[in-house]
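Report on one structure; see the data block that follows.
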Amino acid sequence: MLFKGIINLKKYLLALIVIFPVFTYASDTPTEKTKWQKLLGQWSIVNSQAVENRAWAAPWEYYELLKYNTIITYKAPSDFNNITVKASTFDRFKTPSEFMISFAITSERASWFYHMYAFKITGGFWGMDKVTFIKSDRLDKSKPFNAKNNSFVKEIASADCSVKYDKTHEYSIKFEGHDAVLYINGKKILSVRFPEKSHKGRIAISSKNVKVSVDSVEVKKNKKTVFEDDFNEDSIYMRRVKARISGANNDKKPE
Amino acid sequence: MKKFILISMIAIAAFGVTGCGEDDGTSADIRWDNNSGDDIYEVKWVASGKVDQTWSADLANTSVSPYKGISELTGQGECLNVTDRGTGAEGTPYDVYIDGALNHSVDNNDSETLNISQVQAK
């Protein structure tokens with residue numbers, strides 16, 4: 001009896017030794033430092049900057065943000081009237097290169113972030129030269145949320161701009177009366193009458209076909225800061241599924 | 001003579017059919033063996049800005065997906081998590097880590113099983 005008990009105890013201890021490192025390794029949970037959630041792309045914090053290092057994005061057929069390498073605020077900031085993002089784009093992968101600051105991101109259910117507005121900056125080989133104000137939402141609201149290709153993108157307004165690669169620019173979105181206004185390096189670029197009563201919701205930063213390095217994000221209500229991140233700490237929450245190769249089934253494909 | 005010509009024609013036709021049948025235009029075949037502890041779905045093999053192959057159906061824990069052909073030999077895995085349907089997180093993709101790395105290469109003409117061994121805690 002005693003012998004069996006010792007054997008069982010040994011088994012438990014062995015199981016603990018095996019299991020414990022697995023669970024500690026897997027502690028990838030949101031913390032107090034979490035300010036963003038990664039949706040797509042290879043984002044990491046490098047030298048106090050949030051860097052997307054893949055450039056290309058393989059689009060998912062759901063909402064617009066999943067067609068870009070995107071980080072989204074983990075929670076919606078409280079009421080605000082100013083978003084300032086300091087960022088640079090670099091290592092263009094192909095044309096069009098795209099950099100997008102989205103806001104008023106809301107979901108009707110779970111994390112289906114269909115509803116959004118954004119200033120999207122696009123360009124080519126020499127730099128980025130066009131800004132477009134877009135709205136995206138679910139197309140047919142009678143369809144289930146996971147219905148593919150059920151979103152639209154409407155271009156509301158556009159303007160020329162000049163954004164060079166490899167250089168940090170300051171993008172400010174200000175809500176002035178009924179208008180949403182984009183400033184780049186303090187220069188007014190595009191002013192649009194915002195079509196909805198509220199611009200509340202989450203904020204996202206996205207890119208496609210170009211790498212991006214975000215230096216800081218500050219969200220303010222008049223002079224009061226309601227959200228800020230200078231990326232001095234790892235504030236991006238990433239969920240993962242991990243996989244390994246099974247060696248037993250590696251057969252040659254029939255010629 | 002007629003018999004010889006007829007047999008030759010049948011033989012040539014048969015050769016043509018078998019010669020075309022095996023080439024599906026893909027470079028390799030992969031499948032996923034899900035031992036992550038969670039059920040997943042919409043598993044994608046993505047590469048260089050495009051979705052190369054998709055396994056849309058639910059892939060329950062301990063299940064193996066069918067083989068599918070891929071064109072891009074170097075790529076990454078992305079998927080959705082069935083558990084998220086009940087937790088309010090549905091609609092956000094996961095990265096699939098293959099052998100501890102995001103990127104994975106498959107040899108030309110190989111059939112490879114990628115074993116999903118773990119879903120990290122949220």
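Read the figures in this text as sums done on the coordinates, not as results from a lab. Quantities reported herein were computed from a predicted structural model and do not represent experimental measurements. Note that each Cβ is placed from the backbone with ideal geometry, even for glycine, and that neighbours are counted across all protein chains shown.
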In Hz, Karplus ³J(HN,Hα) per residue of region B:60-76 (6.51, -1.76, 1.60; θ = phi - 60°; x = Gly, Pro): 5, 4, 6, 9, 10, 7, x, 5, 9, x, 10, 9, 8, 7, 10, x, 9
Separation between the residue A:153 and residue A:48 pseudo-spin-labels, each 7 Å from Cα along Cα→Cβ, expressed in nm? 3.4
Quick one: 3J(HN,Hα) in Hz for region A:171-176, Karplus 6.51/-1.76/1.60 with θ = phi - 60°, rounded, Gly and Pro as x. 9, 10, 10, 10, 9, 10
In whole Hz, what ³J(HN,Hα) sequence does region A:105-110 give by Karplus (6.51, -1.76, 1.60; θ = phi - 60°), x for Gly and Pro? 7, 9, 10, 7, 8, 6
Size of the dipole of region B:45-122 about the Cα centre, Lys and Arg at +1 and Asp and Glu at -1 on the beta carbon, nothing else charged, in debye to 20? 220
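For region B:45-122, just say rounded, prolate or oblate: build the C-alpha gyration tensor, square-root its eigenvalues into a ≥ b ≥ c, call rounded for a/c under 1.5, and beyond that prolate if a/b exceeds b/c, oblate if not.
Details: a/c = 1.79, a/b = 1.67, b/c = 1.07.
Judged from the Cα gyration tensor, region B:45-122 comes out prolate (a/c at least 1.5, a/b above b/c).
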Residue among B:116, B:75, B:48 farthest towards the positive dipole end of region B:45-122, charges placed on Cβ: B:116
If each part is reduced to its alpha-carbon centroid, region A:141-184 and region A:199-221 end up apart, in Å, by 11
Here the gain from full extension of residue A:140 to residue A:196, 0.36 nm per residue of separation minus their alpha-carbon distance, amounts to 18.2 nm
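If we count every other residue with Cβ under 12 angstrom of residue A:123's Cβ, Lys/Arg +1 and Asp/Glu -1, where does the sum land? Kindly include the intermediate steps, with their values, before the conclusion.
Details: positive: A:92, A:94, A:120, A:130, A:164, A:208; negative: A:98, A:129, A:160.
Taking every Cβ under 12 Å from that of residue A:123, the sum is +3.
Around residue A:162, with a cut-off of 11 angstrom between Cβ atoms, what is the net charge of the other residues, counting Lys and Arg +1 and Asp and Glu -1?
On the way: positive: A:130, A:164, A:167, A:187; negative: A:129, A:160.
My count for the surroundings of residue A:162 gives +2.
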Zone of residue A:78's modelled label, taken as backbone nitrogen in region A:170-214 under 18 Å from a point 7 Å along Cα→Cβ: A:199-203
Placed amide H near residue B:53: partners under 5 Å, 5+ positions off or other chain: B:45
Give me the distance in nm between label points sitting 7 Å out from Cα along the Cα-to-Cβ direction at residue B:54 and residue A:108, one decimal. 2.0
